[in-house]
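Structure first, commentary second.
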Amino acid sequence: MSDATTDLAPIDAANLLAGQAVAFAAAYLDGRHDAEQLAANAARLQRDLFAARDPAVNGILDPARLLAIAMLHTARAQDEARQDRWQHVMGALVELVRIESRALRDSKVATEEGR
């Protein structure tokens, strides 16, 4: 994982990476970033996501990995119709990552309260 996530608990590092994935995708989808920025962010994110290997947090990492892949495909799409399809996939995956992130965060809180 990147330097920003190495000192965090796996669940917190996974949520940080998920948040970055959502932020990068949203920046492209709402027009703040172009395809070149999306590709650069996705490549960096993909490296960090695939380096994270804790099975306990795959519930959030796997959807974030899928989002990173969709981001790369969107950035590389040449024609408008294909780019539009990939943007729809990105939007759906953004929502999935958000839902899984909340669930992971809630499970962490429940675990901590159960101590």
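The values are calculated or read from the model by the stated rules, or taken from the named source; none is laboratory data. Just so you know, these numbers come straight off a predicted model, no measurement behind them. Methodologically, a virtual Cβ is constructed for each residue, glycine included, from the backbone with ideal geometry; neighbour enumeration extends over all protein chains shown. Protein only, heavy atoms only, side chains kept; ligands, DNA and RNA dropped before computing areas. Shrake-Rupley method; radii C 1.70, N 1.55, O 1.52, S 1.80 Å.
Miscellaneous remarks
- Dipole moment magnitude, nearest 20 debye, the chain about Cα centre, only Lys, Arg, Asp, Glu C-beta charged: 160 debye
- Extension gain (nm, one decimal) between Arg82 and Arg102, 0.36 nm per residue minus Cα-Cα: 4.1 nm
- Overall Cα dimensions of segment 4-69, principal axis frame, Å, largest first: 34, 20, 16
- Surface analysis of the chain yields an accessible area of 56 Å² per residue, using protein heavy atoms and a 1.4 Å probe.
- Using θ = phi - 60° in the Karplus curve 6.51 cos²θ - 1.76 cosθ + 1.60, the 3J(HN,Hα) couplings for segment 45-60 round to 5, 4, 4, 5, 5, 6, 7, 6, 10, 9, x, 5, 10, 5, x, 9 Hz; x is entered for Gly and Pro.
- Whole-Hz Karplus values for segment 64-80 come out as 5, 5, 4, 5, 4, 5, 4, 4, 5, 5, 5, 5, 8, 4, 8, 9, 5 Hz, taken residue by residue from phi with 6.51 cos²θ - 1.76 cosθ + 1.60 and θ = phi - 60°; glycine and proline positions read x.
- Cα-based Rg / Dmax (Å) for the chain: 14.6, 54
- Each of Ala26, Leu66, Asn15 was scored by the projection of its Cα onto the charge dipole of the chain, and the greatest displacement toward the positive side belongs to Leu66; charges sit on the C-beta of Lys, Arg, Asp and Glu.
- Once C-alpha pairs closer than 8 Å and six or more residues apart are averaged by separation and normalised to the residue number of the chain, the relative contact order reads 33 percent.
- Carbon and sulfur %, accessible surface of the chain computed with the full protein complex present, 1.4 Å: 52 percent
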